[in-house]
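Here's the structure, in structure tokens; my notes come after.
Only the coordinates and a few stated rules stand behind these numbers; no lab work does. Model, not experiment: these values are computed from the prediction. In this analysis, Cβ positions are derived from the backbone assuming ideal geometry, glycine residues included, and neighbour counts consider all displayed protein chains.
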There are 2 protein chains.
Amino acid sequence: MSLLVVGSVALDDVETPFGRREGALGGAAVYFGIAASYFVDVRVVGVVGADFPQEHLDLLVSRGLDLSGLIVAPGRTFRWGGRYGYDLNARDTLYTELNVFADFDPEIPAEFRETEHVFLANIAPALQLKVLDQVAAPETASLDTMNYWIERTPKDLREVLGRVQIVLINDYETREIAGEPNLRKAARTILGWGPRLLVVKKGEHGAVTFGPNGAFAVPGLPLETIIDPTGAGDAFAGGFLGCIASTGDTSPEGLRRATIYGSAMGSFCCESFSIDRLASLEPAEIEDRFRSFRDLTQFDHRPLLVDV
Amino acid sequence: MSLLVVGSVALDDVETPFGRREGALGGAAVYFGIAASYFVDVRVVGVVGADFPQEHLDLLVSRGLDLSGLIVAPGRTFRWGGRYGYDLNARDTLYTELNVFADFDPEIPAEFRETEHVFLANIAPALQLKVLDQVAAPETASLDTMNYWIERTPKDLREVLGRVQIVLINDYETREIAGEPNLRKAARTILGWGPRLLVVKKGEHGAVTFGPNGAFAVPGLPLETIIDPTGAGDAFAGGFLGCIASTGDTSPEGLRRATIYGSAMGSFCCESFSIDRLASLEPAEIEDRFRSFRDLTQFDHRPLLVDV
């Protein structure tokens, strides 16, 4: 099984209370692709500039990512600068230099067009639609988005929401897209537009999924070491969709399992700058992390007040 | 088994996007006591003014609360005014009129001094210490506190933290008391001062407990109807300690069960203004809500990447 991701490949300048990194490997397609690579073959469509370091390309290849769809264009790579305070759930974007990403017009290579699972990372909804026009009906198509597109291109966003099965966004985006402060009602609104499943990412507070079988929620793992949360949402999506692409299991149990693998990959992502931790995991570490989520959350029901 | 609560009994003026209530029955001891009353006999020590409506007293008695320790003093009842926006996790305190509560000096009636379980709601740490001096060694003593005392009377707070077994506070308070932004490290610091268990309440994001057997976390239930979150943290504490007082079970499983009953009572509290919903529950509704938390959170581990 294969999983296609279309999205940004970037160089990030990140500052947290625990240090600073310049020109670090980043971008949604990178975090997503590396996280998913533990589960399934990953194909990347994106663009970088001529300044993109060979060592970053080497690392992506070493994780098994198929970069046939990654164009190297004349000019500079997409660059993002951000700073976090002690509340790592909030960050300041210092600058966004789109550079070669400004003219990104995703062309899906012929050999990628029948990929079974497609993830549209956070790019313009119009481009997400162009990707969907180029792929043969995948088993699942999924998307992420952000406030910029919710506010500027709501019509395109609504159209692409009607053409995917899974939406992975954060809680603020969920409320903003639906124009509804109550999360459960907002989820119902969005599901009413077509998607079968909504995965709401809540940063350190975990994640909650809404679908035809109700809600499933997982709290955040209280990590001992949180260095840099950049990319954790994309790593979550990579673990989540990597699991689904690997198993083909979208039963209620299968989706719960995918949510935990997503949470595990998101949690690893926070434990270092850039992809340092995420790209150097042993499969057994991922299973151990899954078990940590079980230890954190499981309990029995022995009724105390009435016999039921 | 009995559970003693010492804390505020108030009249609240509350405004949310869903309406407004004036002179509503409120206060930490009220929310706590009503929630706990489904599990165990509850004894209240507090003070109200001569203006406190008889109907509020009648309601507390109807829930089985023993009000022998509730003094009616000349003057006006403690009054709190607050307003919530659509983000119900944040609120503005419009005013706090301590009134008779300003001179509150808790006197524990002789017949309450051997109560097995004692909860010190959010009052001055010096008063919490005075309560502990008046009770014979209870099986568990627990406390809540707030930023006001963390900043103004850190020495008293540190002393009382060394004399209780259970601390129930929110995530901001946890970080502030410990002077440490990482929640797990902050928890370790606080547990190092004496308490056996720290219960961190996170509002709509659920709760996480830290103790000798590690962490247990429960996400918030995505409620369809959230009217007024005032008192939800105290209702959580009432469900949590009511369960423990009822069962005497502080095993890891017992504490997880208590955390879910706490979460259930906190969730009911949000579904109406004041104590309307919290005070009119059937025991079977509480068990149903417990089951909703199970449906929301449970999953299996079938390893996908390696056999373990």
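Points to keep in mind about this one:
- Of the criteria (1) buried (at least 23 other Cβ atoms within 10 Å of the Cβ); (2) charged (D, E, K, R); (3) more than 11 Å from chain A (Cβ to nearest Cβ), which one B:Glu176 fails: (1)
- Residue match in the range B:257-264 (condition: closer than 22 Å to B:His117 by Cα, in contact with a strand residue (DSSP E or B) (Cβ under 8 Å, 6 or more places away or on another chain) and either at the interface with chain A (Cβ under 10 Å from one of its Cβ atoms) or of a type in the set (A, V, I, L, M, F, W, C) (or both)): yes
- Here the range A:272-308 is the region considered, the condition is being more than 7 Å from chain B (Cβ to nearest Cβ) and of a type in the set (A, V, I, L, M), and the residue that is surrounded by the fewest Cβ atoms within 10 Å (Cβ to Cβ) is A:Leu281.
- All positions within the range A:222-240 that are within 18 Å of the chain's Cα centre (by Cα), closer than 19 Å to A:Arg291 by Cα and within 13 Å of chain B (Cβ to nearest Cβ): A:Gly239, A:Phe240
- Across the range B:82-89, a minimum of one residue is classified as surrounded by fewer than 18 Cβ atoms within 10 Å (Cβ to Cβ), basic (Lys, Arg) and either in contact (Cβ under 8 Å) with a residue 40 or more places away in the chain or at positive phi (or both).
- From the options A:Gly231, A:Gly248, A:Gly239, residue that is of a type in the set (Gly, Ala, Ser), crowded, with 24+ Cβ neighbours inside 10 Å and on the phi > 0 side of the Ramachandran plot: A:Gly231
- Subset of the range B:135-173 (residues that are more than 18 Å from B:Ala187 (Cβ to Cβ) and out of contact with any helix residue (DSSP H, G or I) (no Cβ under 9 Å at 6 or more places or on another chain)): B:Ala136, B:Ala137, B:Tyr148, B:Arg152
- Of all residues in the range B:187-221, those being without any contact (Cβ under 8 Å) to a residue 60 or more places away in the chain, within 10 Å of chain A (Cβ to nearest Cβ) and of a type in the set (A, V, I, L, M) number 6.
- Selection count where residues are among the basic types (Lys, Arg) and over 21 Å from A:Thr250 (Cα atoms), scope the range A:185-204: 2
- Flag if B:Leu3 is more than 14 Å from chain A (Cβ to nearest Cβ), part of a strand (DSSP E or B), in contact (Cβ under 8 Å) with a residue 24 or more places away in the chain and in contact with a strand residue (DSSP E or B) (Cβ under 9 Å, 6 or more places away or on another chain): yes
- Picking from residues in the range A:186-210 that are touching a Phe, Trp or Tyr at 6+ places or on another chain (Cβ under 6 Å) and part of a strand (DSSP E or B), the one that is farthest from A:Ile260 (Cα to Cα) is A:Leu198.
- Residue ID - surrounded by the most Cβ atoms within 10 Å (Cβ to Cβ), chosen from residues in the range A:179-203 that are within 22 Å of A:Ala141 (Cβ to Cβ) and of a type in the set (Gly, Ala, Ser): A:Ala187
- Test result for B:Thr250, in contact with a Ser or Thr (Cβ under 8 Å, 6 or more places away or on another chain), among the polar types (S, T, N, Q) and either at the interface with chain A (Cβ under 10 Å from one of its Cβ atoms) or in a helix (DSSP H, G or I) (or both): no
- Test result for B:Ile226, in a helix (DSSP H, G or I) and of a type in the set (A, V, I, L, M): no
- Set A:Asp295, A:Asp300: member being part of a helix (DSSP H, G or I), within 25 Å of A:Phe210 (Cα to Cα) and more than 15 Å from the chain's Cα centre (by Cα): A:Asp295
- Selection count, the range A:11-22, where residues are surrounded by fewer than 17 Cβ atoms within 10 Å (Cβ to Cβ) and in a strand (DSSP E or B): 3
- Only one of B:Phe293, B:Phe268, B:Phe240, B:Phe216 that is touching a helix residue (DSSP H, G or I) at 6+ places or on another chain (Cβ under 6 Å), aromatic (Phe, Trp, Tyr) and closer than 17 Å to B:Leu3 by Cα: B:Phe240
- Residues of the range A:58-80 satisfying the condition of being under 15 Å from A:Val100 (Cβ atoms) and either of a type in the set (A, V, I, L, M, F, W, C) or within 20 Å of the chain's Cα centre (by Cα) (or both): A:Gly69, A:Leu70, A:Ile71, A:Val72, A:Ala73, A:Phe78, A:Arg79, A:Trp80
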